[in-house]
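Taking it in order: structure first as structure tokens, then the write-up.
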Amino acid sequence: MTKYFDTLETRSADERSAQQSAALMEQLARATSADGNCLDSSGVAGIEDLAKLPVLRKSELVKWQAEKPPFGGINTSNVAHIFQSPGPIYEPGGISHDWWRIGRFLHALGIGKGDIVQNCFGYHLTPAGSIFENGARAVGATVLPAGTGQTDLQVRAAKDVGSTAYAGTPDYLKVILDKADEMGMKLNITKAAVGGGALFPSLRQEYADRGILCLQNYATADLGNVAYESQAQEGMIIDEGIILEIVIPGTGIPVEPGEVGEVIVTSLNPDYPLIRFATGDLSAVMTGTSPCGRTNTRIKGWMGRADQTTKIKGMFVRPEQVADLVASHDGIARARVVASRADEKDMLTVQIETSGSNASDFEDAVQSTLKMRGAIELVTLGALPRDGLVIEDRRSYD
């Protein structure tokens, strides 16, 4: 097995930027040629202009698909499967080589020819099972399409066929291993590719103690692979087939390097051109490159949800409203809404980063964007934490 999946993984930053800019322009041409929800990409010449384009949120995708089923007028091609996710949202799937780009992750884990992958992701309606099967095929591995549940049969199959690798959620492998111990069977699984849930350090160590290398990736049904761990286990390396941005939640405005924000992804898959698609997840860019030699940017992995929508005084406050507040007044650099309780009542405080000194100057902007009044607290420029929160709920629910 070669050290890297392909030469894309070791490109220089300049080479990657130039090649992805060219791919982006081709993708924008596909997106704007759709019969449905066309994208105005005038003024975009490359990656550096990506922030000029609007963010596509899942709620919009649901609306588009309801109006123009099944894919909302997006210019799709080479569709072999249609999957369903909550919303409902319908995603296309292809069967061409590594359509979801999971092979890159499996290769980094060391899975390849000679491996038998027990694929315990679901195959029913949702795409996870097909996503990982497609990736296993790309690295030459054999797949046992086990799906979920029926643990006794899972153990028997793993023993009989000699499964060497596992693909599935982080915790289900432990269920299989514990059942194998109970049944007195020793399995040959030495590699685990996990996703779809949190991999806690204690669980990873338990697998390591059993002689199993367990790495995780970050993928979505819409986008395929977004980022993945290598054996260096220092952050998650961004996949070569996407362009990833970290933005202030509720906006399309990029954060400063290292700050926590919402993950926005532009897919370079020509069959399904999703441009600036909001994942709803929080993460942050890491400095430097991975010790494994892969040169793409790393992120810290999943750090929570960007959808911080909170009900205050009986009304929902959404991150988009906080973004509207900032945009509505030249004197506001950043803002943060804080929900608290006093005398058994909800309290709303709006913290505003500004060079101004008169809170009353911002009362009308707060009222018109948040649709309610609250205390206004002025803070100096740069004082608000760069932790991805624009709505902070300090109320205790114990």
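The values are calculated or read from the model by the stated rules, or taken from the named source; none is laboratory data. Just so it is clear, the structure is predicted and the values come from calculations on it, not from any experiment. FYI the Cβ positions are ideal-geometry reconstructions off the backbone, even for glycines, and counts take in every protein chain you see. Quick note on the areas: whole protein, heavy atoms, side chains included, nothing else; ligands and nucleic acids left out. Shrake-Rupley method; radii C 1.70, N 1.55, O 1.52, S 1.80 Å.
Largest to smallest in accessible area, the residues D239, D49 fall in the order D49, D239 (1.4 Å probe, all protein chains included). Setting aside same-chain residues fewer than 8 positions from K3, which lysines have a Cα under 18 Å from its Cα? Correct list for K3: K113, K191. Couplings for the stretch 7-17, taken from phi via the Karplus curve 6.51 cos²θ - 1.76 cosθ + 1.60 with θ = phi - 60°, read 6, 4, 5, 10, 5, 6, 4, 5, 5, 4, 4 Hz in order; Gly and Pro are left as x. Between E206 and D160, the FRET efficiency estimated from the beta carbon spacing at R0 = 25 angstrom works out to 0.50.
Over all Cα atoms in the stretch 330-398, the spread is summed up by Rg and Dmax: 12.4, 40 Å. When the residues F5, F121 are ordered by accessible surface, computed with a 1.4 Å probe over the protein chains alone, the sequence from largest down reads F5, F121. The alpha carbons of the stretch 240-338 give a radius of gyration and a Dmax of 15.6, 52 Å, in that order. Of all beta bridges that DSSP places with both ends in the chain, some 65 percent have antiparallel geometry. Only helices enter the 222 nm calculation for the chain: every DSSP H run of n ≥ 4 contributes -39,500 (n - 2.57), and dividing by all residues gives -7500 deg cm²/dmol, rounded to 500.
Evaluated at 20 °C with a viscosity of 1.002 mPa s, what Stokes-Einstein diffusion coefficient in µm²/s does the chain have when Rh comes from the Kirkwood expression over alpha-carbon pairs? Taking Rh from Cα pairs, D becomes 93 µm²/s. For A221, no residue has an amide H sitting under 5 Å from its own, ignoring neighbours fewer than 5 places away on the same chain, with H placed 1.01 Å from N. So what's the gap between the Cα centers of the stretch 77-104 and the stretch 372-388, to the nearest angstrom? Measuring centre to centre over Cα atoms gives 41 Å. Using the Cβ-Cβ distance between L153 and R305 with R0 set to 30 Å, the FRET efficiency works out to roughly 0.30. In the context of the full protein assembly, E15 retains an accessible surface of approximately 80 Å², using a probe radius of 1.4 Å and ignoring ligands and nucleic acids.
Between S85 and V175, the simple label model (points 7 Å from Cα in the Cβ direction) yields a spacing of 2.2 nm. Counted by Cβ distance under 12 Å from F277, the other residues give a net charge of -3, where Lys and Arg count +1 and Asp and Glu count -1. Extension gain for V62 to S96 (0.36 nm times residue separation, less C-alpha to C-alpha distance): 9.6 nm.
Bridgeable lysines around K345 (alpha carbons under 22 Å apart, same-chain partners fewer than 8 residues away excluded): K311, K313, K371. Taking the square roots of five times each eigenvalue of the Cα gyration tensor of the stretch 264-398, the equivalent ellipsoid has semi-axes of 33, 18, 16 Å, listed largest first. Put a plus charge on the Cβ of each Lys and Arg, a minus charge on the Cβ of each Asp and Glu, and nothing anywhere else: the dipole of the stretch 284-372 about its Cα centre is then about 680 debye.
The stretch 83-126: D in µm²/s via Stokes-Einstein (Kirkwood Rh, Cα pairs, 4 °C, 1.567 mPa s)?
Values: Rh = 12.6 Å.
Translational diffusion coefficient: 103 µm²/s.
Note on the stretch 176-275: dipole from Cβ charges, positive end direction compared against V263, L223, G211; the farthest Cα belongs to G211. Here the Kirkwood formula, the inverse mean of 1/r across different C-alpha pairs, assigns the stretch 155-263 a hydrodynamic radius of 15.9 Å. Specify the angular offset, from 0 to 90 degrees and rounded to the nearest 10, of the alpha carbon long axis of helix 128-138 from the longest principal axis of the alpha carbons in the chain. Rounded to the nearest ten degrees, it is 60. Using a probe of 1.4 Å on the protein chains alone, the accessible area found for D343 is around 140 Å².
Per residue, the solvent-accessible area of the stretch 307-380 (1.4 Å probe, heavy atoms of protein chains only, all protein chains present) comes to 52 Å². The spacing between the stretch 319-349 and the stretch 213-280, judged by their C-alpha centroids, is 28 Å.
Using a simple charge model, +1 on the beta-carbon of Lys and Arg, -1 on the beta-carbon of Asp and Glu, nothing else, what dipole does the chain show about its Cα centre, in debye to the nearest 20?
Result for the chain is approximately 780 debye, rounded to the nearest 20.
Look at the alpha carbon pairs under 8 Å that are at least 6 residues apart: their mean separation over the length of the chain gives a relative contact order of 13 percent. Extension gain, K313 to D40: 0.36 nm times the residue separation minus the Cα-Cα distance gives 94.4 nm. For the stretch 19-141, the calculated P(r) over all alpha carbon pairs, in 10 Å bins from 0 to the bin holding the longest distance, is 12, 32, 34, 20, 3 percent. Between the listed residues G304, V317, G356, the Cα displaced farthest toward the positive end of the dipole of the stretch 283-384, a dipole computed from Cβ unit charges relative to the Cα centre, is found at G304.
Compared with the dominant Cα axis of the chain, that is its longest principal axis, helix 58-67 is turned about 80°. Only one residue of T151, A80, M286 has its Cα farthest out toward the positive end of the dipole of the chain, where Lys and Arg carry +1 and Asp and Glu -1 on Cβ, and that residue is T151.
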